[in-house]
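Colleague: My questions all concern the structure below.
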Amino acid sequence: MATVLALKAALHGGPTAAGVLTSAVCCALWLGLLGVAHSRVRALTTAPRPPVLAPRQATAAVLCALALAVCAAVLVL
């Protein structure tokens, strides 16, 4: 939600190169986070007992979420 509001604020006065680039990075990070979440949901639904979340997937999800928050903050400023 914060990213959508930041995108709206950044592009309100007209698109700039920095605003468009940061928006593209935000979108890429969002897709990365969705990819990790989708992978986890598939893993949870395929086995009767859910497997443990791999550290690599957990790290990727946390890094995407943090980077997404940073990008949203950059868009607002």
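Read the figures in this text as sums done on the coordinates, not as results from a lab. Remember, it's a predicted structure, so these values are computed and weren't measured experimentally. No Cβ is skipped: glycine too gets one built from the backbone with ideal geometry, and neighbour counts run over all protein chains shown.
Colleague: Give me the orientation-averaged projected area of the Cα convex hull of segment 24-65, in nm², one decimal.
Modeller: Average projection, Cα convex hull of segment 24-65: 2.8 nm².
Colleague: Using Cα pairs under 8 angstrom and six or more residues apart, how large is the relative contact order of segment 2-76, in percent?
Modeller: With pairs under 8 Å counted, the relative contact order is 56 percent.
Colleague: Note down the nm distance, to one decimal, between modelled labels 7 Å out along Cα→Cβ at Leu63 and at Lys8.
Modeller: Going by the 7 Å Cα→Cβ label model, 3.2 nm.
Colleague: Taking 7 Å along the Cα-to-C-beta vector as the label spot, tell me the Leu53-Leu31 distance in nanometres, rounded to one decimal.
Modeller: Here the answer is 2.4 nm between the modelled labels.
Colleague: Once you wrap a convex hull around the alpha carbon atoms of the chain, what is its projected area averaged over all directions, in nm²?
Modeller: So the Cα hull casts an average projection of 5.3 nm².
Colleague: Under a point spin-label approximation (7 Å from Cα along Cα-to-Cβ), what is the Thr45-Val20 distance to one decimal in nm?
Modeller: Each label point lies 7 Å from its Cα, and together they span 3.7 nm.
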